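The values are calculated or read from the model by the stated rules, or taken from the named source; none is laboratory data. Here the structure is a predicted model, which is why all the values come from computation and not from measurement. Neighbour counts run over all protein chains shown; Cβ positions are idealised from the backbone, glycine included.
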Amino acid sequence: MAVQERANFGSKLGVILASAGSAVGLGNIWRFPCEVGENGGAAFILVYLICVVFLGVPVMVSEFLIGRHSRSNTATAYKILAPGTPWHFVGLMGVFSGFLILSYYIVVCGWTLEYAWTAASNGFSQVGDAMDYTAFFNNFVSNPWKPLLYLAVFMLITHYIVVRGVKEGIEKFSKVMMPMLLLIIGVLVVCSFSMPGSVKGLTFLLKPDFGKIDTGVVLSAMGQAFFSLSLGMGCLCTYASYFTKEVNLMKTAGSVVVIDTLVAVMSGFIIFPAVFSVPGLIPNAGPGLVFITLPNVFNIAFGNYPFLGYVFSVMFYVLLILSALTSTISMHEVATAYIHEKFKMTRAKGAFVVTSVCLSFGVLCSLSFGVLSDMTIAGFTLFDFFDYVSAKFLMPLGGMLISIFTGWYLDRKMVWEEITNEGRLRVPMFKFYIFLLKYVAPLAIGAIFVHELIKA
Ligand code: PFF
């Protein structure tokens, strides 16, 4: 199969910001604090960090090298590297996961728009006491129209950026949105540290209770690591197909992992001190943490300084929007690149197909909070089912297969050439990297899967 002529990212900074933009998302600011809250705080963070370093980094570098070497969408990449073998199913699974994740992720993205709007129009101050925030959230998500409208708006913005292309769309927007996002995070952390509950919040985040760690916690931490780093579904593989030969893959992976982890931990630093500042609020409020607990916090904790509360809340929800958008464009790109190249459609037409399919499933996921709440699969609502299947199953499975592919199948010389840029870079950890891919990642992921299966 001929290697195709295709677009490239224009600069190394663009590469890092676009990849970090994919990684940093609702997973860091919404999902990570929920998981930390539900799985006992610091102990979870510790397991999470171990998963990031020993599973996340090697899988990310593998995705990078598969993408850059094949210069192709994720499904075709495996056909180029392993012609005539079933390996391309790993790539197809990635495209499928992309559709699945975007379909439910976009629902929460829609919520961020409504919340940013409510914050900006000072709507939270009128909501009232804690119960009313729950009712506000429940009324909104179960409304058959409003969330759908926001979901569609978010999808169309994503569509617009993707259709503009790799350099003019994805890279340009990431270069504007990521610095804004990092700035907002910095300001919010400082604000949150100055709140009365900051010590309690920090203790919750930093003091591990090892008694809390069981396989359920490990599975959640691993799923969260893959989700947060956008791994196991060909997303970074697709982005890497736009990297030039000069990009240092190890260094880029290091930067992305550091940025992503810092943002996740900082989000904890923003949210938990704030939550502990209000007596009676609990940190394990699950998905409602950011949408129910926080508006309440903004209102009560800043009771004497309503303007500060206003600014804090608007900045927080703008932060959520920015982080979500840089991620939705990356998921969209996985499927768009595939359809565009596989079916020889224009990018615009490919993107149209992706947008239409994800909008349709997104609508169903959104309605699963209201009129379709009784429609369940294996006891999950559609939204929860999509989340469970992708984060706890498909992404780690994809990660495991990618490690086996790079560690056992790919020609070692080719892997070495990609990682060292044909010998121009010194990579002292190369052997350790291969060891992690060959043994540690597949066995660790496999063991956790088997344990969960036996338990079920
Ligand atoms: N990493 C994103 C987040 O933390 O929100 C989610 C994500 C983006 C998952 C892109 C998968 C993906 F391909």
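Can we say Ala120 is under 15 Å from Phe316 (Cβ atoms) and away from the ligand (no atom under 16 Å from the Cβ)? Full working, then the answer.
On the way: under 15 Å from Phe316 (Cβ atoms): yes; away from the ligand (no atom under 16 Å from the Cβ): yes.
Considered against the rule, which asks whether it is under 15 Å from Phe316 (Cβ atoms) and away from the ligand (no atom under 16 Å from the Cβ), Ala120 comes out as yes.
Here Phe99 fits the description: in a helix (DSSP H, G or I), within 12 Å of the ligand (Cβ to nearest atom) and in contact with a helix residue (DSSP H, G or I) (Cβ under 8 Å, 6 or more places away or on another chain).
Please state which one of Ala7, Ala42 is surrounded by fewer than 24 Cβ atoms within 10 Å (Cβ to Cβ) and within 27 Å of Leu289 (Cβ to Cβ).
Ala42
Being within 25 Å of Met177 (Cβ to Cβ) and either surrounded by 15 or more Cβ atoms within 10 Å (Cβ to Cβ) or in contact with a strand residue (DSSP E or B) (Cβ under 8 Å, 6 or more places away or on another chain) (or both), is that true of even one residue in the stretch 295-307?
Just the residues of the stretch 295-307 that are within 25 Å of Met177 (Cβ to Cβ), to begin with: 295, 298.
From what's left, either surrounded by 15 or more Cβ atoms within 10 Å (Cβ to Cβ) or in contact with a strand residue (DSSP E or B) (Cβ under 8 Å, 6 or more places away or on another chain) (or both): 295, 298.
There is at least one residue in the stretch 295-307 that is within 25 Å of Met177 (Cβ to Cβ) and either surrounded by 15 or more Cβ atoms within 10 Å (Cβ to Cβ) or in contact with a strand residue (DSSP E or B) (Cβ under 8 Å, 6 or more places away or on another chain) (or both).
Condition check: at pLDDT 90 or above, touching a Ser or Thr at 6+ places or on another chain (Cβ under 9 Å) and more than 16 Å from the ligand (Cβ to nearest atom). Does Gly25 satisfy that? Spelling it out, it is not the case that Gly25 is at pLDDT 90 or above, touching a Ser or Thr at 6+ places or on another chain (Cβ under 9 Å) and more than 16 Å from the ligand (Cβ to nearest atom). Return yes or no: is Met180 at pLDDT 90 or above and surrounded by fewer than 17 Cβ atoms within 10 Å (Cβ to Cβ)? So Met180 fits the description; yes. Among the conditions (1) closer than 22 Å to Leu236 by Cβ; (2) touching a Ser or Thr at 6+ places or on another chain (Cβ under 7 Å), Thr336 misses just one, which is (2).
In the set (1) at pLDDT below 95; (2) more than 30 Å from Ala135 (Cβ to Cβ); (3) not small (Gly, Ala, Ser), Met375 fails one condition alone, (2). Selection of first residues in the stretch 229-243 that are touching a residue at least 40 places away in the same chain (Cβ under 8 Å) and more than 8 Å from the ligand (Cβ to nearest atom) and of second residues that are part of a loop (DSSP other than H, G, I, E, B) and of a type in the set (Phe, Trp, Tyr), restricted to Cβ pairs under 6 Å at least 6 apart or on distinct chains, gives the following pairs, ordered by first then second residue: Tyr242/Phe9.
Which one of Val415, Val389 is touching a Leu at 6+ places or on another chain (Cβ under 8 Å), among the β-branched types (Val, Ile, Thr), closer than 17 Å to Ser230 by Cβ and assigned to a helix (DSSP H, G or I)? Talk me through it step by step, then tell me what you get.
Numbers: Val415 fails: closer than 17 Å to Ser230 by Cβ.
Exactly one of Val415, Val389 is touching a Leu at 6+ places or on another chain (Cβ under 8 Å), among the β-branched types (Val, Ile, Thr), closer than 17 Å to Ser230 by Cβ and assigned to a helix (DSSP H, G or I), namely Val389.
Residues of the stretch 377-415 that are of a type in the set (A, V, I, L, M, F, W, C), crowded, with 18+ Cβ neighbours inside 10 Å, within 16 Å of the ligand (Cβ to nearest atom) and within 17 Å of Phe99 (Cβ to Cβ): Phe383, Phe386, Val389, Ala391, Leu394, Met395, Leu397.
Close contacts from the stretch 1-21, counting a first residue that is modelled with pLDDT of 90 or more and a second that is surrounded by 14 or more Cβ atoms within 10 Å (Cβ to Cβ) and of a type in the set (Asp, Glu), with Cβ to Cβ under 7 Å and a gap of 6+ residues or different chains, come to Phe9/Glu171; Gly14/Glu171; Ala18/Glu171; Ala20/Asp260. Can you name the residue in the stretch 200-210 that is touching a residue at least 12 places away in the same chain (Cβ under 8 Å) and surrounded by fewer than 17 Cβ atoms within 10 Å (Cβ to Cβ) and, of all such residues, is nearest to the chain's Cα centre (by Cα)? In this case the residue turns out to be Leu206. In the set (1) polar (S, T, N, Q); (2) assigned to a helix (DSSP H, G or I); (3) at pLDDT 95 or above; (4) away from the ligand (no atom under 16 Å from the Cβ), Thr85 fails one condition alone, (2).
Among the numbered conditions (1) more than 26 Å from the chain's Cα centre (by Cα); (2) modelled with pLDDT of 95 or more, the only one that Val334 does not meet is (1).
Residues of the stretch 113-168 that are modelled with pLDDT of 95 or more, among the β-branched types (Val, Ile, Thr) and surrounded by 20 or more Cβ atoms within 10 Å (Cβ to Cβ): Thr158, Ile161, Val162.
Of everything listed in (1) surrounded by fewer than 24 Cβ atoms within 10 Å (Cβ to Cβ); (2) more than 20 Å from Ser327 (Cβ to Cβ), the single unmet condition for Tyr78 is (1). In this entry, Thr336 passes the filter for residues that are closer than 25 Å to Ser228 by Cβ, surrounded by 24 or more Cβ atoms within 10 Å (Cβ to Cβ) and in contact with a Lys or Arg (Cβ under 8 Å, 6 or more places away or on another chain).
A single member of Ser366, Ser330, Ser356 is in a helix (DSSP H, G or I) and surrounded by fewer than 16 Cβ atoms within 10 Å (Cβ to Cβ), and it is Ser356.
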